[in-house]
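**Q** I have a structure here, written as structure tokens, and I will follow up with some questions on it.
Where a number appears in this text, it was derived from the coordinates with a stated rule and is not lab data. Just so it is clear, the structure is predicted and the values come from calculations on it, not from any experiment. Using ideal geometry, Cβ is built from the backbone for each residue, glycine included, and neighbour counts are taken over all protein chains shown.
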Amino acid sequence: MTNVKIRPALPPDLPRCLILDPSYATDYVWQMDSHANAHDGQITVAFRSVKLPRTMRVAYPRDHTLLSAGWHACDALLIAEDANSLVGYATLMKRVPQSTVWINDLVVAKGARRTGVGSTLLRAVAHWGHDQQLRWLILEMQTKNYPAISFCQKHGMTFCGFNDRHFANQDIALFFALALH
């Protein structure tokens, strides 16, 4: 595990965040199956993990270059630094009526992935949410983002919903939640 320090972002950090490549590769996806029964009005939705025939490179579902424009709309932007180099960030929105901290973006530099940076950021977000007296942490991701799905499951987060019209690129968004006690 790397020695990562988390702190709130400052305006000079934004260009450093934009240098990080948020794309990823995956060998699996979560596939959604939906069935409607006209007789009883029941709709069944199920997700299953599907192995792809070859590794797929996936672009980030948002234009992350808009981060600087959206910074002021965020309630917090936390950055992760390792030996004075920026290795990750998380954008946070506080949703008080739902008592939730919502992670819109959790990005880790490609060279720092699978070294504990994401876990350290997640713990910092949970601490931030707890300090804000929120009860839930929710992380969103694409169904194609199997590495993020595995990350959430590893950290005890539970699948809590989806939105098939969430991202502009028409990818389905999955939501995973963690209770902040």
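**Q** Taking the number of other C-beta atoms within 10 Å as the exposure measure, put 44, 91, 143 in order starting with the fewest. Show your work: numbers first, answer last.
**A** On the way: 44 9, 91 24, 143 18.
Fewest-to-most ranking of 44, 91, 143: 44, 143, 91.
**Q** Now a separate question. So which lysines pass the test for residue 144, namely a Cα distance under 23 Å, with those fewer than 8 places away in the same chain ruled out?
**A** Qualifying lysines at Cα under 23 Å: 51, 110, 154.
**Q** Still on this model: Mind putting a number on the dipole of the chain about its Cα centre? Charges go on the C-beta only, +1 for Lys and Arg and -1 for Asp and Glu, and I need it in Debye to the nearest 20.
**A** 380
**Q** List 101, 58 from most exposed to least, where exposure is judged by having the fewest other Cβ atoms within 10 Å.
**A** Details: 101 27, 58 18.
Starting with the residue having the fewest Cβ neighbours, the order is 58, 101.
**Q** State, to one decimal in nm, how far the label point of residue 83 lies from the label point of residue 154, with both points 7 Å from Cα in the Cβ direction.
**A** Calculated label separation equals 2.1 nm.
**Q** Run lengths n ≥ 4 of DSSP H only: what is the helix-derived mean residue ellipticity at 222 nm for the chain, with -39500 (n - 2.57) per run over all residues, to the nearest 500? Before the final figure, lay out each step's value.
**A** Details: 4 runs with 35 residues, N = 181.
Taken over the chain, the calculation gives -5500 deg cm²/dmol.
**Q** While we're looking at this one, here's another question. Report the full-extension gain for the segment residue 23 to residue 168: residue separation times 0.36 nm, less the Cα-Cα distance, to one decimal in nm. Walk me through the intermediate numbers first.
**A** Values: separation 145, 0.36 × 145 = 52.20 nm, distance 1.61 nm.
Here the answer is 50.6 nm.
**Q** Continuing with this model, one more query. Work out the charge dipole of the stretch 53-181 with +1 on the Cβ of Lys and Arg and -1 on the Cβ of Asp and Glu about the Cα centre, then indicate which of 163, 80, 145 is farthest towards its positive end.
**A** So the residue we want is 145.
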